[in-house]
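Asker: First the structure, then my questions, so here it is.
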Amino acid sequence: MNNGVLKVLKERRSIRSFKPEQITDEELNAVLETGTYAANSNGSQAPVIIAIQNPKLVKQIDEMSGKIVDPTGAFHPYYGAPTIIFVLAPEDGVAPVEDGSLAAGNMLNATYAAGLGSCWIHRSKDIFSSEKGKVLLKQLSLPENLMGVASIALGYANGELPKTAPRKENYILHVK
Ligand SMILES: Cc1cc2nc3c(=O)[nH]c(=O)nc-3n(C[C@H](O)[C@H](O)[C@H](O)COP(=O)(O)O)c2cc1C
């Protein structure tokens, strides 16, 4: 089947090296909007999407997340990406992880469709359950009951699209 959306869904790969220049607001907004149109439990539109482009805050988040893994501060989990997107959702909601993950998945695919590079970065839950994370929520005037579900490093890819790993055997079972 020859379809542009199907092609994007298959070709998107995680990008782990970024150019320092910032993406345009038009590109960012196109990506963010797709997150708001993801399927969500009970039509709740529960996720909250935060896009961070303030260089000081981007650095602070990179350090905060990196130090969870390596307290020396030598680990930079966001790979120098100039934009970080977080997806949060109320922890007492029906399906915060599923809702947030689908929003993030839409946005990852959208970045590729928009000619950008992105990678899901772990530890959003740890970040927003920490003291510093709670302070950040307060600074952003967001409620304390939001849990971190996903984060995305976003920018212009530096270099080639990584090769696609072959799909494992028996990934799909088709019962007719
Ligand atoms: C829940 C989740 C957590 C991930 N965490 C990280 C991460 O912390 N750092 C990273 O470089 N990639 C992370 N990734 C990206 C995966 O490593 C990547 O999607 C996988 O290797 C498949 O490669 P592809 O995205 O290029 O198809 C994460 C992906 C998911 C879905």
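The values are calculated or read from the model by the stated rules, or taken from the named source; none is laboratory data. Predicted, not measured: the structure shown is a model, and the values here were computed from it. No Cβ is skipped: glycine too gets one built from the backbone with ideal geometry, and neighbour counts run over all protein chains shown. Ligands, DNA and RNA are excluded from the accessible area calculation, which covers all protein heavy atoms including side chains. Shrake-Rupley method; radii C 1.70, N 1.55, O 1.52, S 1.80 Å.
Asker: For residue 58, are the conditions met, namely being loosely packed, with under 15 Cβ neighbours inside 10 Å and on the phi < 0 side of the Ramachandran plot?
Answerer: no
Asker: Tally time: how many residues in the stretch 142-152 are acidic (Asp, Glu) and near the ligand (Cβ under 10 Å from one of its atoms)?
Answerer: Total satisfying the criteria: 0.
Asker: Here's something else I'd like to know. Looking at the stretch 16-28, is at least one residue open to solvent by 30 Å² or more (accessible area, probe 1.4 Å) and among the β-branched types (Val, Ile, Thr)?
Answerer: Checked the stretch 16-28: at least one residue is open to solvent by 30 Å² or more (accessible area, probe 1.4 Å) and among the β-branched types (Val, Ile, Thr).
Asker: Additional query: What single numbered condition from (1) out of contact with any Lys or Arg (no Cβ under 7 Å at 6 or more places or on another chain); (2) closer than 18 Å to residue 34 by Cβ; (3) surrounded by 16 or more Cβ atoms within 10 Å (Cβ to Cβ) fails to hold for residue 78?
Answerer: (2)
Asker: Here is a further query. Residue by residue through the stretch 111-141, note down the ones that are in a helix (DSSP H, G or I), within 19 Å of residue 63 (Cα to Cα) and within 16 Å of the ligand (Cβ to nearest atom).
Answerer: The answer is 124, 125, 126, 127, 128.
Asker: Out of 36, 83, report the one residue that is open to solvent by less than 60 Å² (accessible area, probe 1.4 Å), at negative phi and of a type outside the set (Asp, Glu).
Answerer: 83
Asker: Here's something else I'd like to know. Report whether or not residue 64 is open to solvent by less than 10 Å² (accessible area, probe 1.4 Å) and more than 11 Å from the ligand (Cβ to nearest atom).
Answerer: No.
Asker: Here are some residues: 159, 105. Which one is at negative phi, within 16 Å of the ligand (Cβ to nearest atom) and surrounded by 10 or more Cβ atoms within 10 Å (Cβ to Cβ)?
Answerer: 105
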